[in-house]
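No value in this document is a laboratory result; all are computed from the given coordinates. Just so it is clear, the model here is predicted, and its values are computed rather than measured. Note: ideal-geometry Cβ built from the backbone for every residue, glycine included; neighbour counts use all protein chains shown.
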Amino acid sequence: MAPRFFTIFLAMLALISLVGVGFFACSDDDDDDDSDGDDDTDDDEVWRPAPGASWQLQFSGSIDESLDVDMYDIDLFDTDTNTIQNLHDDGRIVICYFSAGSYEEWREDADEFPDEAMGNDLEDWDGERWLDLRNAQVRDIMMDRMDLAVEKGCDGVDPDNVDGYANDNGLGLSSEDQLDYNLFIASEAHERGLSVGLKNDVAQLHDLVDSFDWALNEECFTYDECDTYSHFIDKGKAVFHVEYVDDWAEVQDLADEVCGAATELSTIIKEWELTANRFACDE
């Protein structure tokens, strides 16, 4: 009888071994599935709006807190924490603007930028110069700015001037330099739990869509670039779009042209001074 029981025992060991191999193989497959995502940030950590989200853009004057919109885009430095808290109390998302690619002489941290990182003046924008995105100190300052956004309670950031390579920057910036820097900005924002939008930089939309949570475009209708934002729309990510008028009396004429031309974008019309005045195509 002993040989028979020994044979049964060996068969049971073999069965257990096969089951074990199958279990671990399934576990490996599950691990592989978890690593396929494009973004390493948990969906619950940052605001990722869908197309059609409403918004206000105001950088000058007392912030009009009365608008029933999903998101306010306001200046990081000039907006106090009480205003941000008031907007939160009303259920608004607060995005804080700062220039990530230019030096602005009036900012409180302006003296921290090294001379060697300064490029050409920005055309039509007094007191601004392009920055060398490769400079470590420039990157440190931008990280400090994002820390300030967290400290003030901002839900996300709107980093401007992230297309210096496509302008007369005087620094020899390449498209690869810009791409590396923009990915750095997105990564550092997400590291802090901040939502981050891609401002303009139309030529690199395809390369950056997976790293940014939404896009913000200025004047894609004027420059016939709105169709390019299908990269974001197809990913279910909002595109906030603004066109400008020199005089508020011109707003209806521009609205007749713009509204309906790119219905998947969240289009508003503003004055260049970015006061509280706002015309929204979907309202």
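A few notes on this one:
- Remark: the Asp247-Asn167 segment gains 26.1 nm on full extension, using 0.36 nm per residue and subtracting the alpha carbon distance.
- With the charge dipole of region 149-283 set up from +1 on Lys and Arg Cβ and -1 on Asp and Glu Cβ about the Cα centre, the Cα lying farthest toward the positive end among the listed residues Ala262, Val242, Ser187 is that of Ser187.
- A simple spin-label model places the labels of Asn135 and Ala261 3.7 nm from each other, with each point 7 Å out along Cα-to-Cβ.
- Centroid-to-centroid separation of region 237-253 and region 134-212 [C-alpha atoms, Å]: 24
- Annotation for Leu254 and Phe59: the two label points, set 7 Å from Cα along the Cα-Cβ direction, are 1.4 nm apart.
- Separation of the Thr81 and Ala110 label points, Cα + 7 Å toward Cβ, nm: 2.6
- Theoretical FRET efficiency, 1/(1+(r/R0)^6), r = Cβ-Cβ of Glu283 and Trp125, R0 41 Å, to 0.05: 0.85
- For Ser66 and Glu191, the FRET efficiency from 1/(1 + (r/R0)^6), where r spans their Cβ atoms and R0 equals 35 Å, is about 0.55.
- Under 10 Å, Cβ to Cβ, from Ser60 - net charge with Lys/Arg +1 and Asp/Glu -1: -4
- Simple Cβ-charge dipole of region 170-283, Lys/Arg +1 and Asp/Glu -1, about Cα centre, in debye nearest 20: 500
- With a Förster radius of 41 Å applied to the C-beta separation of Glu45 and Glu225, the computed FRET efficiency comes to 0.85.
- Beta bridges from DSSP with both residues in region 129-283: antiparallel share about 10 percent, rounded to the nearest 5.
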